[in-house]
Amino acid sequence: MAPSATVKREITAAQGFLAKSDGKDKLLATLQYAAMFLSAGSPGAAKKVQVSLATARKAFRIMKPVESILPVVMNPSLDWRRPVYVEILKKLKCILMAVYFGGDHIVWLKLSGLIATDPKKQSRFIELAQKASLYGWFGGSLCGILTEIYDIQNLLSKKYGETDETYVRRQKELEPELRRRAIVLVHGVFQALLAVGLLGLRPWKPRTVGLFGVAASAINCYMLYPAVDRSSSVTATATTTTTGAGAGGKKDDKKAA
C-alpha cells in the first residue's frame with residue numbers, strides 16, 4: 001500500500017531536515033544533552049553516549065567559523081536606518097559566534113591529534129580554547145537576544161500617523177513574523193543559559209544544564225525543519241468528515257472547533 005500524500009509530505013520534510021548539516025548537528029545536540037540529563041554528571045552508559053555524540057557533532061561544523069564571520073566581511077558597513085547599537089550588536093554577534101566555532105574547532109583538532117603541543121600544556125591549552133569558545137557562544141547569544149527584543153518592540157510599536165484600524169490590520173499581518181521572532185528569542189535565552197551552565201558561572205546541576213541544552217537544541221531543530229503545507233490535507237479531512245457525518249456531524253464539528 002502506497003503512503004498517503006500527507007505521509008509523503010512529512011517524509012520529504014524530514015529528508016530536507018536531515019540533508020542539512022545543521023539539522024544533523026542539532027539533532028545530535030538534542031540527544032547529547034538528553035544523555036547529559038539522564039547521566040546527571042555521573043559515569044556510566046549515558047555519560048559515554050554524551051561524550052561520543054559531542055565528538056560526532058564536530059564534523060558537521062567544519063567551516064562554521066568562516067560562515068559566521070562572512071556577513072561582517074562581505075558587509076562591514078552599518079545600516080544607518082537602524083540604531084547604531086543594534087547594528088554593532090549584529091556585527092558583534094557574528095564575530096563572537098566565529099570565536100565560538102573557532103575555539104570548538106581548536107579543541108577538536110587537538111583531541112584528534114592534528115595539533116601537536118607539549119603534553120604538559122595540553123590540558124591548559126584545551127581549557128582556554130573551550131572557555132573562549134563558550135564565552136563567545138554566550139556573548140553571541142546575548143547579542144542575538146538584545147537585537148531580537150529591539151526588532152520585536154519595533155514591530156509592535158505604533159508608527160507615526162498610523163490609525164488604530166491600520167495598526168490592528170498591520171499587527172494581524174505581522175503575526176507569523178512576530179511568532180517566528182518570539183521563537184528565536186526564546187531559543188537565544190535557552191542558549192545563553194546553557195552557555196552559563198557549561199561555563200560553571202552558576203552552581204547548576206548537570207541535569208539542569210542538560211535540560212537547557214535539550215530545550216535549546218529542540219527549538220533549533222524546529223526552526224530548521226522545513227515548513228510543510230498541511231492545509232490541503234486538513235481541508236480534505238474536514239470535507240470527508242462533514243460529508244460522512246450528515247447534519248448532526250456538522251454540529252459536532254462546530255463544537256470541536
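Numbers at a glance
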quantity: Answer from 144, 188, 210 - the residue that is at pLDDT 95 or above and either in contact with a Lys or Arg (Cβ under 7 Å, 6 or more places away or on another chain) or farther than 26 Å from residue 17 by Cα (or both); calculated: 144
quantity: Evaluation of residue 60 against (1) of a type in the set (Phe, Trp, Tyr); (2) more than 18 Å from the chain's Cα centre (by Cα); (3) assigned to a helix (DSSP H, G or I) (one fails), failing number; calculated: (2)
quantity: Count - residues of the range 15-34 that are free of Cβ contacts under 8 Å to residues at least 24 places away in the same chain and under 18 Å from residue 217 (Cα atoms); calculated: 3
quantity: Enumeration of residues in the range 30-46 that are over 23 Å from the mean Cα position of the chain (by Cα) and under 21 Å from residue 193 (Cα atoms); calculated: 39, 40, 41
quantity: Among (1) surrounded by 11 or more Cβ atoms within 10 Å (Cβ to Cβ); (2) at positive phi; (3) modelled with pLDDT under 50, the one test that residue 200 misses; calculated: (3)
quantity: Subset of the range 93-114 (residues that are surrounded by 15 or more Cβ atoms within 10 Å (Cβ to Cβ) and either of a type in the set (Val, Ile, Thr) or part of a loop (DSSP other than H, G, I, E, B) (or both)); calculated: 95, 99, 106, 107
quantity: Qualifying residue in the range 148-168 (condition: over 18 Å from the mean Cα position of the chain (by Cα), under 25 Å from residue 26 (Cα atoms) and surrounded by 12 or more Cβ atoms within 10 Å (Cβ to Cβ)); calculated: no
quantity: Qualifying residue in the range 226-244 (condition: under 22 Å from residue 16 (Cα atoms), surrounded by fewer than 17 Cβ atoms within 10 Å (Cβ to Cβ), in contact with a Phe, Trp or Tyr (Cβ under 8 Å, 6 or more places away or on another chain) and modelled with pLDDT of 50 or more); calculated: yes
quantity: Residue among 18, 89 that is under 22 Å from the mean Cα position of the chain (by Cα), within 26 Å of residue 212 (Cα to Cα), of a type outside the set (D, E, K, R) and buried (at least 16 other Cβ atoms within 10 Å of the Cβ); calculated: 89
quantity: Pick from the range 97-137, criterion acidic (Asp, Glu) and modelled with pLDDT of 80 or more, ranking: farthest from residue 52 (Cα to Cα); calculated: 127
quantity: Residue 90 in a helix (DSSP H, G or I), under 23 Å from residue 27 (Cβ atoms) and at pLDDT 90 or above; calculated: no
quantity: Residue in the range 133-156 that is outside any helix (DSSP H, G or I) and of a type in the set (Asp, Glu) present; calculated: no
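The values are calculated or read from the model by the stated rules, or taken from the named source; none is laboratory data. These numbers come from a predicted model, not from an experiment. Glycine gets a Cβ as well: all are built from the backbone with ideal geometry, and neighbour counts include every protein chain shown.
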